[in-house]
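What follows is a short report on a single structure.
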Amino acid sequence: QVQLVESGGGLVQAGGSLTVSCAASGSMFSSMAMGWYRQAPGKQRELVAAITRARPTNYVDSVKGRFTISRDNAKNTVNLQMNRLKPEDTAVYYCAAATTMLKLTTTPNSWGQGTQVTVSL
């Protein structure tokens, strides 16, 4: 198990950029699949970006070409760089960790507390 703490959320204008970060505790981080979920008011939580321990990445179609997920196994961190932000990207962003990519997409082993990202017009 790992414990996850997000940071870096905030308010940004449409078209701007923001990076949210996740710091993980525990020795298992480098072996785990990591991802960023988001949940907007009244909507289901969705997985927007994922990265395996070997670093291949996946993105939901709505953020492809705009968001980049990366990880630093030496620092136990995973970041989500968000560019060309849109008002529809407004949500609480959650870091998640799982022992497999399949589990990341269904029932992650660990969740962070979430960080608010608000994109204004």
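Which residue is nearest to the chain's Cα centre (by Cα), if the candidates are limited to segment 27-39 and must be more than 17 Å from N79 (Cβ to Cβ) and either aromatic (F, W, Y) or loosely packed, with under 14 Cβ neighbours inside 10 Å (or both)? I'd like the intermediate steps shown before the answer.
Taking segment 27-39 first, the residues more than 17 Å from N79 (Cβ to Cβ) are 27-28, 31, 39.
Checking the rest, the ones that are also either aromatic (F, W, Y) or loosely packed, with under 14 Cβ neighbours inside 10 Å (or both) come to 27, 31.
Working: S27: 20, S31: 17 Å.
Ranking the qualifying residues of segment 27-39, first place goes to S31.
Here is a list of conditions, (1) out of contact with any Phe, Trp or Tyr (no Cβ under 7 Å at 6 or more places or on another chain); (2) more than 24 Å from G15 (Cβ to Cβ); (3) open to solvent by 40 Å² or more (accessible area, probe 1.4 Å), and T52 meets all of them except one; can you say which number that is?
With respect to (1) out of contact with any Phe, Trp or Tyr (no Cβ under 7 Å at 6 or more places or on another chain); (2) more than 24 Å from G15 (Cβ to Cβ); (3) open to solvent by 40 Å² or more (accessible area, probe 1.4 Å), T52 is out only on (3).
How do the pairs read when you match residues in segment 1-21 that are farther than 19 Å from R71 by Cβ and part of a strand (DSSP E or B) with residues anywhere that are open to solvent by 60 Å² or more (accessible area, probe 1.4 Å) and of a type in the set (A, V, I, L, M), using Cβ under 9 Å and keeping only pairs 6 or more apart or on different chains?
Q13/L121
From the list G8, G26, G15, G65, pick out the single residue that is modelled with pLDDT under 95 and over 20 Å from L102 (Cα atoms).
The unique qualifying residue is G26.
The values are calculated or read from the model by the stated rules, or taken from the named source; none is laboratory data. In this text the structure is predicted, and so the values were computed from the model without any measurement. All Cβ positions, even for glycine, are placed from backbone atoms using ideal geometry, and neighbour counts span all protein chains on display. Heavy atoms of the whole protein, side chains included, go into the accessibility calculation; ligands, DNA and RNA do not. Shrake-Rupley method; radii C 1.70, N 1.55, O 1.52, S 1.80 Å.
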